[in-house]
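Since the structure comes first, as structure tokens, the remarks are kept for the end.
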Amino acid sequence: MKKILALVSFLIVAAAACTMEPAANKEPAANANNAARTTARPSEADMTAREKAAWETLKKKDLVAFGDLLSSDYIEVADDGVYDKAGIIADLKDLNLADATFSDWKMLPINNEAVILTYNTTLKGTYKGMDLPSGPYRSAAAWVNRDGKWQAFYYQQTLVKTAPVAPPPASSSPAAKATATPAAKPMEMGSDPIANEKMVWDSFKSKNFDAFAAMLAPDFIELEADNVYDKAGSVKGVAMMDASKFELSDWKAVKLNNDAALVTYLVKPPPPNSNPERHTSIWVNRGGKWMGLLHVGTPVAAPATGPAAKPTARPEATKK
């Protein structure tokens with residue numbers, strides 16, 4: 001199933017029109033220009049309103065305005081692949097979005113120039129004449145301020161599981177705790193998100209969950225089909241899985257700005273477990289220390305069996 005992208009409209013930063021110094025103050029023009037470019041951190045209300053406004057461009061099928069909202073290096077992670085800006089815009093021609101409703105908004109600031117939004121989405125409409133699955137979906141979006149203009153940088157969503165999740169075997173959690181090893185030495189995370197993510201999986205395989213916890217920001221959030229997890233919940237969850245035979249592939253990294261980077265990749269569990277999943281993490285630099293701030297997992301869609309593709313929540317087109 002392909003994904004619907006949640007996007008935001010432009011934010012022309014008010015700070016760009018900041019008050020000029022009195023004539024008696026002989027500050028260089030360069031300093032005045034730098035002050036004009038200083039960006040105040042946007043409020044959650046600001047970003048939420050702009051996100052909703054962008055959905056309106058989809059309802060109006062104004063693809064020119066929609067495309068203007070995206071950064072040139074925009075990335076979307078769907079259940080059938082990873083897509084770029086051109087592919088999304090091309091395939092939106094087949095979307096007729098009648099309505100989209102939202103709930104549970106949360107903003108995770110990266111810095112004054114980038115933020116993450118998470119929320120739930122329910123949809124009504126058609127794709128290629130077929131009804132869209134209504135959801136609900138857990139949605140995550142990242143936005144960056146480039147030259148005074150807020151642009152959509154990333155989107156991913158995961159269909160919420162309605163069936164109850166089977167509890168792990170009774171022995172899983174105690175076994176993980178029994179074999180967990182203390183953090184002999186803190187892992188040094190850097191600006192390379194692929195290297196960081198591989199260290200995360202190394203901590204899983206060695207059952208060094210203290211090291212994993214140290215890699216996460218205090219306000220870390222994880223979106224999965226079965227639930228939304230905070231830092232403590234995520235650490236507890238991985239302690240109940242055996243990651244020794246998982247296969248990781250299809251790595252792709254994109255830089256948001258100097259203080260944030262995104263990595264997405266494919267996770268294939270050993271048989272006879274569940275289907276592969278597409279995982280994405282955003283790493284941020286806080287006070288000189290790189291930490292995980294967001295993680296999203298999306299199960300890979302099964303191949304279509306009929307002559308027509310299965311309708312999706314967010315139509316995407318050309319894979320990058």
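The values are calculated or read from the model by the stated rules, or taken from the named source; none is laboratory data. What you are looking at is a predicted structure, and each value in this text was computed from that prediction instead of being measured. Every residue, glycine as well, gets a Cβ built from its backbone with ideal geometry; the counts of neighbours run over all protein chains shown.
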Name the one entry in T101, T126, T118, T122 that is outside the structural domain of A253 (by TED's automatic domain parsing), touching a Gly at 6+ places or on another chain (Cβ under 7 Å) and of a type in the set (S, T, Y).
-> T122
Within region 161-177, is even one residue at pLDDT 55 or above, in contact with a strand residue (DSSP E or B) (Cβ under 7 Å, 6 or more places away or on another chain) and surrounded by 12 or more Cβ atoms within 10 Å (Cβ to Cβ)?
-> no
Run L223 past the list (1) crowded, with 19+ Cβ neighbours inside 10 Å; (2) of a type outside the set (K, R); (3) touching a helix residue (DSSP H, G or I) at 6+ places or on another chain (Cβ under 9 Å) and report the number of the one that doesn't hold.
-> (3)
Give the residues of region 114-134 that are buried (at least 20 other Cβ atoms within 10 Å of the Cβ) and not in a strand (DSSP E or B), sorted by residue number.
-> L132
L92 is checked against (1) over 17 Å from H295 (Cβ atoms); (2) at pLDDT 90 or above; (3) touching a helix residue (DSSP H, G or I) at 6+ places or on another chain (Cβ under 6 Å) and fails just one. What number does that condition carry?
-> (2)
Name the residues in region 117-148 that are in contact with an Asp or Glu (Cβ under 8 Å, 6 or more places away or on another chain), of a type in the set (S, T, Y) and within 30 Å of V284 (Cα to Cα), would you?
-> T118, Y119
Test set (1) within 27 Å of V115 (Cα to Cα); (2) surrounded by 15 or more Cβ atoms within 10 Å (Cβ to Cβ); (3) not aliphatic (A, V, I, L, M) - D250 fails condition number = (2)
Entirely in region 189-292, the helices (runs of 4 or more DSSP H) that have 1 or more residues that are at pLDDT 95 or above and polar (S, T, N, Q) | 193-205, 231-238
